[in-house]
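Colleague: Can you keep this structure in mind? I'll have questions shortly.
Bear in mind these aren't lab numbers, they're just calculated from the coordinates by the rules spelled out. These numbers were taken from a predicted model, which means no experiment stands behind them. Here the Cβ positions follow ideal geometry from the backbone for every residue, glycine too, while neighbour counts run over all protein chains shown.
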Amino acid sequence: MPRSAVVCACAVLAAAGALAEPASAQQSRAGTAAQSAASPIAGTIVVAMPQFPALPIPTLMEGAAAHTANFDLADQLFLRLATPGPSLATAGDRGFEPGLAQRWTRRDSLTLVFDLDPRARWHDGVPVTAKDVVFAFARARDPQISPRLARPLRWVRDVSAEGERRVIVRFTRAYAEQLFDATFHVHPLPAHLLASLAPGDVAGSPFAAAPVGNGPYRWVRAVPGQTVELAANPAFHLGRPGIGRVIFRIATSPDARLNMLLSGEADALDNVIPPLANLGRIAARPELRLVPTPSPSVGYFLFNQRDRADRTRPHPILGDVNVRRALVLALDRQSMARAAYGPYAEVPAGPMSQLLWIRHLAGRAPAANPAEARRLLAASGWRDADGDGTLEKDGRPLALGVQLPSTSLLRRQMAVQAQEQLRRIGVRLDVVTLDGPVWIQRRNAGDFDIDFSSASQDPTPSGLLQSWSCAGIGGSNVAGYCSPRTDSLINAAIVSRADPSPLWREAIRQIAADAPAAFLYAPTAVYAVHRRFEGVRIRPESGWRDLWRWSVR
Amino acid sequence: MRCSTRAWARRETAGGAAVRRRLGGVWRRPGGRIGLVLLSAVAAAVLLGPLVLPDPLAQPDILGGANLPPSAAHPFGTDPLSRDVLARVVAGGRVSLLVAGLAVLLASTLGTLVGLVAGYAGGRVDAVLMRLVDGVLALPRIFVVLLLLAAWERVPLAALVLVIGATGWLAPSRLVRAEVLRLRSADFVRAAEALGCGPGRVIFRHLLPNVLGPLVVATTLAVGDVILLEAGLSFLGLGIQPPTPSWGGMILEAKDVMVTAPWSSLFPGLAVMLTVVAANLLGDALQHDDAQA
Amino acid sequence: MGRWLAGRVLQALLTLAIATAAIFWLMRAAPGDPLARLAGERQVSAEEVAALRARYGLDRPVSAQFAAFLEGAVRGDLGVSISHHRPVGDLIAERLPASLLLGGTVLLVNFTVGLLLGMRQALRRGRAADTALGMLSLAGYAMPSFWVGLLLAWLVGVEWRLLPAAGMRDPLLPLDAGALERARDVAAHLVLPALTLVIVSIAAPMRHQRAALLEALAQPFVRTARAKGLAARTVVWRHAWRPALFPILTLFGLWLPLFVTGSVFVESVFAWPGIGALAAEAVSARDYPLLMGTALLAAVGVVTGTLVADVAYALLDPRVGET
C-alpha cells in the first residue's frame, strides 16, 4: 500500500514541477519570436547577481531600488552621455569617454555643449535625440521624483535642446566637476515612450516590465526572482557586442553564487572575497580567472562625538580627540585588513575607497603604535586604578560598544580582532551585533559609541561633504563630526576651477588629525570570470558595464 | 469508595510506580547506559575543561595561526581568528548546554501542563487554549524575538532562555493534548473518574505517565532544536554576542571556511551531535518495554 | 460531527483574524522601518526620507494603516511591496509553487519513508537496525540545515557535478523545450534541497512513530494476540497503527505551515525561489506590505494545519469527537 502511494505522489509532484513555471514568465517573453533572429552574435554569458533587478529604470532607482543589481542592469540597457576614463578623474573636462554624446565643448565657464552621436538609437529603432536628454534631466532634477539624483544636480541651472542633436547644459556656478555632474548621474530616457506617463505611473507600466533602452544589450525576458535575459544589440553605435546573450542569475546567498560559479552554472561573479578562503577555491579551478578592480567600498569605526543620551553635549569618552587618536593608533589596521582581504585591501588614510583619485594625496596611513596610544590615554587622565585591566577616569571605565549589522560576518570578525587589540591597552570594547534595520535606526539616531560603517562611494570626492561636514549633521553625518576648517577646505576643493589637489590634501590631513573615525579598509573587488571570455575589462564604478567589449572563444 | 492508585495494577495506570519503573529501565538498557555516560562525559568536559585548556578568547597570531589543521598544539585546530577550537568547543558547551537545558525544561513543562489541561478539560477551555497556541504559532517568531530583545543591547542569558522557551512550548502542548484526547475515554480513566478521583489526580496520576511517550521524544529532539535555534538567532544578531563562544555561533562563524578548513565547524557540530544523540538515547530508554522480552 | 466541524472552522477564522491584527501591530512595534535600509549604503538626506515616508503611507497613524490594509485585503489586494515595487499578491503567487513543490516533496518523504523506518525500528527494538537507524537520523537532525546544504551543494554539485548546485531551473534550457524536459530539469534541481531538508528532519517522524508503536505494542491485547501466534507485524497493521497515528498527525499539522512557507536557510543556500527567502528578505527590509502578505500566508498555514490534525483525530477515533 505505501509503495504505490509513494509512486503516485511522485508522479503528481513531477507533473507539478513541469507546470510550476510562473505565468508571468510566459507573459514577459517579449520578442521571443524574433529572439534567435535578433541575436546573430554567438555566445552566452551567465552572470551571478545578488538581487533581482526589479526596477532598472534611470531616475526611478530611489529608496529601496537604489541597489547595485538595478544599477548594473540599467548600465547594460541605458547609456550615459559620457563616462569617466580609466583614471577615474572626475575633475576637469579631460579623460572622459564618449557615450551617447560624440563630442562636447565648453562654451564658457558655466555652459557645456554636447553633440549626440547620430548613430545612437533606442532599441525600438527610434533615434536618440536631444529631447530625450532634456526629458531625463527634467525628471532627475525634480526632488519629488528623484531626490537621490536631484542633490548632486543642484548646480545645474537648466538643460535645453538646440536642434535635434545638441544639448546645452548651463550651471549656476563654475566648478571643476561640471562635466562629471552633467554626464554621470543621468541616463537619457526615451521621451517618445515615457513623456505621456506621469512619473508615478512608470514603475507599474509595461515599460518597466520590459524597458526599452539604447545600450549594448536589450531586454528579452525575466523570470521574477530567478533570471533576467538580455540579447546583444548588433546596431549598438559604439561597436558590436562580442557576446550574444547575457543572462543574470539571481541568488541572494553568496555561498549559492560561489557554488554556481564553481560548478559551471555561472560564468562570472563579482566580489568573490570576502571570505578570503574563496580565492583558493577559485584558483584551484583552471577554467576561472580572477580580475581585481578597485572597489567603491570603505570601512571604518565611526566614533560618536556626541553623547548618546543628549545630542547637544559631547560624548563623555569619545569627545576627547586624544582618546580618538589613541584608539586609531592602538588598532593594528594592517593586520586586520590582511586577515580579512589578504593582499586585496589598502588601509586608507581617510574616508576614501579605492575609487577616489584623491586617496593617496596625503600619503599612506600610519602604522599601529600601541605605546603612543597608551601615552595619549595616560596624558588624558585615564588610569587603571583598580587593576582590572580596564582604564578609568573619574570613576568611568573606558568601555565602548561597537555596533554592526549581524549579516556581515567580515565586520563581526574584524570587530572581535579589534576587541582583543584594544584590550591590550586597557580599553574594553563590546561587540554589539544588531539586526539590520535596528542597526540603521540606532545609527541615524546617534545612539551608539562606535559604529562599524561601510560606505559605498561614487567616484567623485565631493560625496565626502555629506558625511564629514558640519552641514551633514542631521543627515548622513550621524557622528556629529564638525570641523569648520575641514568644511572650508572641502567646499573650496569642490568649487575650485584650478587643480584642487592641494586643497584635498589639506582636507585629508585635517580629518586625520581630528580622528573622527579609524579607517580600516579600502578593498579591491575581485571578480571571477570564465577563461573562455577574452578582453575582459571591469569598470570599478560599474562592474559589468564594459561586458559588451568582451569576446568569447 | 476512595480514589486510590493501588486499585489499579495494570500497566496503563499507577502513576508514581510506572514512572519509577521506567526510570529504572533506563540503566538496564544498553542505550540508556550509553546515553547517560555520554551526557556525563560532555558535562564533565564542559565543567572541568576550561581549567586546563587555553583561553578560548585569545587570538595569538591571526596572520600566521589562523585556520591551522589539528595538531599536537591544537588538537582541534584553530579557527579563522587563530583561536583554539578545542578550548572554544568546551567553553561554548557551557553556554549551549545551559541554554538548551533550561529552555527545553521550561518549554516542556509549560507545554505539558497546557496540553494536559486542554485535552482533559475539553470544551471551551480546550478551544481557548488551542486557539491561543494557534495564534502564537502564527506569529512570525522573528518579530516576537526582536520585540522581546529590543530592550537589551547585550542579550542576557536569561532573556535568551525565556524567549526560546516561550516559543518552544507550543509543539509539546499539541502532542500531549493529542495523547490525552486519545486516552481520555479509555477505560482506566473512566474508572478513575467513577471512583471519584478529581481532575488533578486523574491528570497527574493516570494521564501523565501515559503521555510520556511522545513527550519524551519531543523533549529530547528539542534539545537539538534549541542549540541550532541559537545558531539561527546568531545569524540575525540576536543570539549570544561575540566573543563568547557557543556551538551554534562557532558553526556559523566557520561557514566560510567549511570547505577549506572544516575542523572549525566540524568539532562544534560533532559536539552538538553527541549531545543530541545522548539525550535521545536516554529518551529511547524511557520507552515502554515490549511485552515480549 | 458536522456541528463540531462548523464550530471548529469558525474558531479557525476567528484565530486568523486576531492573529492578523496581532502580527500587524507586532511589526509596527518592532524596531526599525523600511526606510532605515536606505541609509545603509548610499547617503540620504532628510527630504528624501520624508518624501519616501509619505509615498509609502508611513506618516499616517498605525490604526489608519491597518484599516487601509484590511480594506485592501478583503478585496484581495495585499498592497505593493516596498522593495520590489510590485503587488504583493503577484510576488507570493510567483513563489508559492516553488515552495509547495519543495515542501510537499519533503513532507511526502518524511511521512512515508520516515514512518516506515520508524516502524522498522520499533519492531526491531534493541537490535543493530534500531540503533543504527536511530543514530544516523539523529546525527542528521543535529546538523544545522545550512551546513548540510552547503556540504551537499559542494560535494554533489561542485566536486562531483552530479546535480545542479543552485537554482530551480537551468537558464540555458531552450524555450521550446518540452514539458518532460522541463520537469526533469526542475526535478534535478529539487533533489539536493529536498534531500537536505529530509536529512535534518526525518528523525522526528521516525522517533515519534517508533515511540508510539512501542507504546501500542506494550498493550496487553498485543500480548494476547502474539500469544495466539500472530506475527508482530500483523498485530501492528491490524491494531497498533491507529493510536500510533496521533502523534504523527500532530507532527504533520505542526509541520504543514513550516514546509509550505519554506525553510529560509535551505532556500538561500540553493537559491530556491520560494516564499521563505522572500519572507526573510521582507523581514530584513521591514517591507511591511510583503511582510503582512507572507505572515498572513503562514498564519493560514498554521490554522489549517491544526484544523486538519483535529479533524483527523476525530475521524481516527470517534470517541475523540465527544466532549
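Colleague: Rounded to the nearest 20 debye, what is the charge dipole size of the protein assembly as shown about its Cα centre when +1 sits on each Lys and Arg Cβ and -1 on each Asp and Glu Cβ?
Modeller: Values: 116 positive and 89 negative charges, 540 e Å.
For this selection, approximately 2600 debye.
Colleague: What is the projected area of the convex hull of the Cα atoms of the range C:248-322, averaged over all directions, in nm²?
Modeller: It is 5.8 nm².
Colleague: Sticking with this structure for a sec: Under the Karplus relation 6.51 cos²θ - 1.76 cosθ + 1.60, θ = phi - 60°, what is the ordered set of whole-Hz ³J(HN,Hα) values for the range A:102-109, x standing for Gly and Pro?
Modeller: Per-residue couplings from phi come out as 7, 8, 9, 9, 10, 7, 7, 5 Hz.
Colleague: Under the Kirkwood approximation applied to all pairs of distinct alpha-carbon atoms, what is the hydrodynamic radius of the range C:1-157 in Å?
Modeller: On the way: mean 1/r = 0.0470 Å⁻¹.
Averaging 1/r across every pair of different Cα atoms and inverting gives 21.3 Å.
Colleague: With the calculation restricted to Cα positions, what are the radius of gyration and Dmax of the range B:217-285 in angstrom?
Modeller: For the range B:217-285, the Cα-based Rg and Dmax read 12.9, 39 Å.
Colleague: Which whole-Hz couplings ³J(HN,Hα) result when phi for each residue of the range A:254-267 is put into the Karplus expression 6.51 cos²θ - 1.76 cosθ + 1.60, θ = phi - 60°, listed in order with x for Gly and Pro?
Modeller: The phi angles translate into x, 5, 5, 5, 5, 4, 5, 5, 5, 8, x, 7, 9, 9 Hz.
Colleague: Further question: Angle, helix C:62-75 long axis vs. longest principal axis of chain C, Cα atoms, 0 to 90°, nearest 10?
Modeller: Orientation of helix C:62-75: about 70 degrees from the principal axis.
Colleague: How big, on average over all directions, is the shadow cast by the Cα convex hull of the range A:77-176, in nm²?
Modeller: The directionally averaged projection comes out at 6.8 nm².
Colleague: Right, here's the next one. Taking only DSSP H segments of four or more residues, each worth -39500 (n - 2.57), what value at 222 nm results for chain A once the sum is divided by all its residues, to the nearest 500 deg cm²/dmol? Each step should come with its number before you reach the end.
Modeller: On the way: 19 runs with 170 residues, N = 553.
Only helices count here, giving -8500 deg cm²/dmol.
Colleague: What base-10 log of the normalised intensity I(q)/I(0) is obtained for the range A:417-497 from the Debye formula, alpha carbons as equal point scatterers, at q = 0.16, 0.20, 0.22 Å⁻¹?
Modeller: For the range A:417-497 at q = 0.16, 0.20, 0.22 Å⁻¹, log10 I(q)/I(0) is -0.78, -0.99, -1.05.
Colleague: Still on this structure: Starting from the Kirkwood radius over alpha-carbon pairs of the range A:348-479, derive D by Stokes-Einstein at 4 °C in a medium of 1.567 mPa s and give it in µm² s⁻¹.
Modeller: So the translational diffusion coefficient is about 76 µm²/s.
Colleague: Here's something else I'd like to know. Mind checking the full-extension length gain between C:Arg238 and C:Leu136? Use 0.36 nm per residue of separation minus the Cα-Cα distance, one decimal, nm.
Modeller: Contour length minus Cα-Cα distance gives 33.8 nm.
Colleague: Shifting gears a bit: Can you compute the modelled spin-label distance between A:Ser196 and A:His360, with each label point 7 Å from Cα toward Cβ, in nm?
Modeller: 5.5
Colleague: How tilted is helix A:370-379 with respect to the longest principal axis of chain A? Cα atoms for both, answer in degrees (0 to 90, nearest 10).
Modeller: 50
Colleague: OK, next. Two decimals, Cα atoms only, Kirkwood Rh: what is Rg/Rh over the range C:58-147?
Modeller: Rounded to two decimals, Rg over Rh is 1.30.
Colleague: How far apart, in nanometres, would the label points at C:Arg60 and A:Leu110 be if each is projected 7 angstrom from Cα along the Cα-to-Cβ direction?
Modeller: Label at C:Arg60, label at A:Leu110, 4.5 nm between them.
Colleague: How much length is gained on full extension from C:Leu173 to C:Ala67, taking 0.36 nm per residue of separation minus their Cα-Cα distance?
Modeller: Extra length from C:Leu173 to C:Ala67 when fully extended: 33.6 nm.
Colleague: Further, regarding this structure: Per residue and in cubic angstrom, what volume does the convex hull of the Cα atoms of the range A:124-219 have?
Modeller: 110
Colleague: Now for a separate question. Binning at 10 Å from 0, report for the range B:104-257 what percent of all alpha-carbon pair distances ends up in each bin.
Modeller: Per 10 Å bin, starting at zero, the Cα-Cα P(r) for the range B:104-257 comes out as 10, 33, 28, 17, 9, 3, 0 percent.
Colleague: Moving on. Any chance you could get the radius of gyration and Dmax over the Cα atoms of the range A:291-401, in Å?
Modeller: So, for the range A:291-401, Rg and Dmax equal 16.7, 53 Å respectively.
Colleague: Sticking with this one: Would you mind checking which residues have amide H under 5 Å from C:Arg86's amide H? H placed 1.01 Å from N; only 5 or more apart, or other chain.
Modeller: Under 5 Å from the amide H of C:Arg86: C:Ser81.
Colleague: A further question follows. Round to the nearest 0.05 the FRET efficiency obtained for A:Arg553 and B:Leu98 when R0 = 51 Å and r is the Cβ-Cβ distance.
Modeller: Computed FRET efficiency for A:Arg553 and B:Leu98: 0.30.
Colleague: Taking the C-alpha atoms of the range A:139-185, how large are the radius of gyration and the largest Cα-Cα span, Dmax, in Å?
Modeller: 11.0, 30
Colleague: Please work out how much length the chain gains when fully extended from A:Arg497 to A:Arg94, using 0.36 nm per residue of separation minus the C-alpha to C-alpha distance, in nm with one decimal. Let's see the in-between values first.
Modeller: On the way: separation 403, 0.36 × 403 = 145.08 nm, distance 1.33 nm.
Result for the pair: 143.8 nm of gain on full extension.
Colleague: Compare the peptides C:131-138, C:11-18 by average per-residue count of other Cβ atoms within 10 angstrom and give them in order, highest first.
Modeller: Details: C:131-138: 19.0, C:11-18: 16.6.
Ranking, from highest mean packing down: C:131-138, C:11-18.
Colleague: What angle do you read, to the nearest 10 degrees and between 0 and 90, between the alpha-carbon axis of helix A:68-77 and the longest principal axis of chain A?
Modeller: 30
Colleague: Given only helices, namely DSSP H runs of n ≥ 4 each adding -39500 (n - 2.57), what is the per-residue ellipticity at 222 nm of chain C, to the nearest 500 deg cm²/dmol?
Modeller: -23500 deg cm²/dmol
Colleague: Between A:Glu162 and B:Ile34, what is the label-to-label distance in nm when each label sits 7 Å out along the Cα-to-Cβ direction?
Modeller: Here the answer is 8.9 nm between the modelled labels.
Colleague: While we're looking at this one, here's another question. Return the loop-located trypsin sites (Lys or Arg not before Pro) in the range A:157-262 (DSSP other than H, G, I, E, B) with at most 16 other Cβ atoms within 10 Å of their own Cβ; answer none if there are none. Don't skip to the end; give the middle numbers.
Modeller: Values: sites: A:Arg157, A:Arg165, A:Arg166, A:Arg170, A:Arg173, A:Arg218, A:Arg221, A:Arg245, A:Arg249, A:Arg257; in loops: A:Arg165, A:Arg173.
Hits after loop and neighbour filter: A:Arg173.
Colleague: Across peptide B:256-263, what mean number of C-beta atoms from other chains lies inside 10 Å of a residue's C-beta? Write down the numbers at each step before the final one.
Modeller: Values: counts 13, 5, 7, 12, 8, 1, 1, 0.
Counting other chains' Cβ atoms within 10 Å and averaging over B:256-263 gives 6.
Colleague: Another question, then. In chain C, if the dipole is taken from +1 on Lys/Arg beta carbons and -1 on Asp/Glu beta carbons about the Cα centre, which of C:Ala17, C:Leu52, C:Leu217 is farthest to the positive end?
Modeller: C:Leu217
Colleague: Which of the listed residues, B:Ala87, A:Pro351, C:Ala277, is farthest toward the dipole's positive end in the protein assembly as shown, when Lys, Arg count +1 and Asp, Glu count -1 at the beta-carbon?
Modeller: With unit charges placed on the Cβ atoms, the residue in question is B:Ala87.
Colleague: Continuing with the same structure: How well do other chains shield peptide C:262-269, expressed as the mean number of their Cβ atoms within 10 Å of each residue Cβ? Please report the intermediate quantities before stating the final value.
Modeller: On the way: counts 0, 0, 3, 4, 0, 3, 6, 6.
The mean count of partner-chain Cβ atoms within 10 Å per residue comes to 3.
Colleague: For the range C:106-181, what does the alpha-carbon gyration tensor say about shape, rounded, prolate or oblate, given a ≥ b ≥ c as the root eigenvalues, a/c under 1.5 as rounded, and a/b over b/c as prolate?
Modeller: prolate
Colleague: Let me ask something additional. Quick one: putting +1 on the C-beta of Lys and Arg, -1 on the C-beta of Asp and Glu, what dipole do you get for the range A:278-380 around its Cα centre, in Debye to the nearest 20?
Modeller: 40
Colleague: Name the residues whose placed amide hydrogens come within less than 5 Å of the amide hydrogen of A:Gly215, ignoring near sequence neighbours (fewer than 5 apart) on the same chain.
Modeller: Distant-sequence amide H within range of A:Gly215: A:Phe78, A:Leu79.
Colleague: Then there's this: Could you point to the residue in A:Ser253, C:Val302, A:Ala120 farthest towards the positive end of the protein assembly as shown's charge dipole, with +1 and -1 charges on the Cβ of Lys/Arg and Asp/Glu respectively?
Modeller: Sorting the options by dipole projection puts first C:Val302.
Colleague: Still on this structure, I have one more. Taking each pair of distinct Cα atoms in the range A:500-553 once, what is the resulting Kirkwood hydrodynamic radius in Å?
Modeller: Answer for the range A:500-553: a Kirkwood hydrodynamic radius of 14.7 Å.
Colleague: A further question on this structure: When Lys and Arg each count +1 and Asp and Glu each count -1, what net charge do the other residues less than 11 Å away from A:Pro234, Cβ to Cβ, add up to?
Modeller: Around A:Pro234, the charge tally is +2.
Colleague: Quick one: in chain C, what % of C-alpha pairs are over 35 Å apart? Display every interim value, and only then the final one.
Modeller: On the way: 19619 of 52003 pairs.
Of all Cα-Cα pairs in chain C, 38 percent lie more than 35 Å apart.
Colleague: Next up: Quick query: amide H of A:Gln102 versus all other amide H atoms, modeled in the peptide plane; which residues come in under 5 Å with a sequence gap of 5 or more or a different chain?
Modeller: Sorted by chain and number, the residues that satisfy this are A:Asp115, A:Leu116, A:Asp117.
Colleague: With no solvent and one equal point scatterer per Cα, compute the Debye intensity ratio I(q)/I(0) for the protein assembly as shown at 0.06, 0.07, 0.09 Å⁻¹ and report its log10, rounded to two decimals.
Modeller: Evaluating at q = 0.06, 0.07, 0.09 Å⁻¹ gives log10 I(q)/I(0) of -0.54, -0.72, -1.15.
Colleague: Run the dipole for chain C about the Cα centre, Lys and Arg Cβ at +1, Asp and Glu Cβ at -1, nothing else charged, and hand back the magnitude in debye, nearest 20.
Modeller: For this selection, approximately 1700 debye.
Colleague: Using the Karplus curve 6.51 cos²θ - 1.76 cosθ + 1.60 with θ = phi - 60°, what ³J(HN,Hα) values do you get for each residue of the range B:59-68, in whole Hz, with x for Gly and Pro?
Modeller: Values, residue by residue: 10, x, 8, 5, 6, x, x, 8, 6, 7 Hz.
Colleague: For chain A, what number results from the quotient of the Cα radius of gyration and 2.2 N^0.38 Å?
Modeller: Relative to the 2.2 N^0.38 Å estimate, chain A comes out at 1.07.
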